[in-house]
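The structure under discussion appears below in the form of structure tokens.
The values are calculated or read from the model by the stated rules, or taken from the named source; none is laboratory data. Given the structure is predicted, the values throughout are model-derived calculations rather than measurements. Here the Cβ positions follow ideal geometry from the backbone for every residue, glycine too, while neighbour counts run over all protein chains shown.
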Amino acid sequence: MSTILPLIIIGGGPAGYTAAIYAARAGLCPVLYQGPNPGGQLTITGEVENYPGYRNGITGPAMMEDFQAQAERFGTVVKTGTITQVDFSTYPRRLILDSGESLLAQSVIIAAGASAKWLGLPAEKRLYGRGVSACAICDGFFFKGKTVVVVGGGDTAAEESLYLANLCKKVHLLVRKGQMRASKIMQERVFKNTNIQTWFHTEVRDIIGQEHVEAVEAIDAIAQTTTMIEATGLFVAIGHQPNTLPFLPYITVDRQGYIQTKPGTTQTNIPGIFAAGDIQDPHYRQAVTAAGTGCMAALEAERFLQQPPINF
Ligand code: NDP
């Protein structure tokens, strides 16, 4: 018979660890499971310069070590394991790990994050962090005065291009179709910006460079001609995928697949199950906003656990 834990937190990014800090300090004895990427997306970024409190900036991995140490200081039990399946139809809730182990919990905070979508080119993996990035706000500063390429046609690509156009010498935006999917206002801003050159019907064929990105080989899908664009950065902005798969049978998600929460809260459609961080946030996707919703989730879980047990 498994022990019934008061609170399981799924995810070891800023949302999960902030929830853990608050929950542990409130005496909820949280157990946090970090999955295949301990520390979350921040561990695959370079320097974090926009998280308040670090006046000289900090590397993503070092920051996540601080988050973890702070959570453990108050008694959070941190474990490694991926939740692959859940049963939220009964109470207490049941969670199954990739090892096959079954866990029972009175409440759950889902903070499993989102993963950037990638083009799938071999050079993309090799040059990740060496010019290839999926976050202009995180890494754009390192390309100040340089030429960069952005791939994508949605609002993220438009937003990242506009952000980079303020910093970089030149931004090449590669859109695979004949039009952008981004909102009209964002498209207008992109087209008005003389620092952004938009290439339609254009895809990335390869990324050139051994140690760092040196150029992007682009192909015009209609003319079937290739162009070598000299650039030191390639920002892939083709969307994010929230990591919701194990929860989908029970948890309501929005049109884009992000967990839907009751406005102004982290409460999902299932009592006692909360969602925090990028898994429920298609808009901001920042460490500081993830941490904020992690705090909210812990406070809401605490309130939930003070109520008498529910009859199911
Ligand atoms: P979207 O799914 O909206 O757009 C993805 C874009 O990437 C599409 O143009 C798509 O092309 C393109 N794409 C996908 N795969 C590839 C590929 N392999 N090669 C080249 N291009 C590819 O994702 P976003 O992240 O842009 O936006 C997600 C949601 O978040 C949207 O609803 C958006 O409105 C919202 N958002 C809102 C913002 C705001 O309001 N400020 C800011 C950022 C996002 P195609 O069109 O051909 O399918």
Which one is nearest to L164 (Cα to Cα) among residues in the range 175-196 that are part of a loop (DSSP other than H, G, I, E, B) and away from the ligand (no atom under 11 Å from the Cβ)? N195
When the range 262-303 is examined, which residues are found to be modelled with pLDDT of 95 or more, touching a Phe, Trp or Tyr at 6+ places or on another chain (Cβ under 8 Å) and closer than 24 Å to G154 by Cα? I279, Q280, D281, V288
If you go through P282, P263, P271, P246, the only one that is surrounded by fewer than 17 Cβ atoms within 10 Å (Cβ to Cβ) and touching a residue at least 12 places away in the same chain (Cβ under 8 Å) is P271
Return the pairs, sorted by first residue and then second, in which the second residue is of a type in the set (K, R) and in a loop (DSSP other than H, G, I, E, B), the first residue lies in the range 63-85 and is in contact (Cβ under 8 Å) with a residue 40 or more places away in the chain, the beta carbons are less than 9 Å apart, and the residues are 6+ apart or on different chains. none
What do you reckon, is A114 closer than 28 Å to Y33 by Cα and of a type in the set (A, V, I, L, M)? yes
Quick one: how many residues across the range 19-43 are part of a strand (DSSP E or B) and not polar (S, T, N, Q)? 3
Going through the range 32-59 in order, the residues found to be among the β-branched types (V, I, T) and crowded, with 17+ Cβ neighbours inside 10 Å are T43, I44, T45, V48, I58
Report whether or not G277 is within 16 Å of the ligand (Cβ to nearest atom), free of Cβ contacts under 8 Å to residues at least 24 places away in the same chain and small (G, A, S). no
Output yes when any residue across the range 58-78 is modelled with pLDDT of 95 or more, of a type in the set (K, R) and assigned to a strand (DSSP E or B), and no when none is. no
Checklist (1) in the same structural domain as I21 (by TED's automatic domain parsing); (2) not in a strand (DSSP E or B) applied to F274, failing item: (2)
Would you mind finding the one in G154, G178, G131 that is at positive phi, touching a residue at least 12 places away in the same chain (Cβ under 8 Å) and not assigned by TED's automatic domain parsing to the domain that holds E49? G131
Filtered residues of the range 147-174 (kept if away from the ligand (no atom under 15 Å from the Cβ), in a loop (DSSP other than H, G, I, E, B) and more than 20 Å from N50 (Cβ to Cβ)): K169
Considering only the range 232-250, I want to know if a residue exists there that is of a type outside the set (A, V, I, L, M, F, W, C), within 16 Å of the ligand (Cβ to nearest atom), more than 22 Å from I83 (Cα to Cα) and part of a loop (DSSP other than H, G, I, E, B). yes
Does any residue of the range 203-219 turn out to be touching a Pro at 6+ places or on another chain (Cβ under 8 Å), in a strand (DSSP E or B) and β-branched (V, I, T)? no
Any chance Q70 is in the same structural domain as L103 (by TED's automatic domain parsing) and out of contact with any Gly (no Cβ under 8 Å at 6 or more places or on another chain): yes
Going by what's in this entry, would L28 be described as touching an Asp or Glu at 6+ places or on another chain (Cβ under 8 Å), over 29 Å from F143 (Cα atoms), assigned by TED's automatic domain parsing to the domain that holds G272 and among the hydrophobic types (A, V, I, L, M, F, W, C)? yes
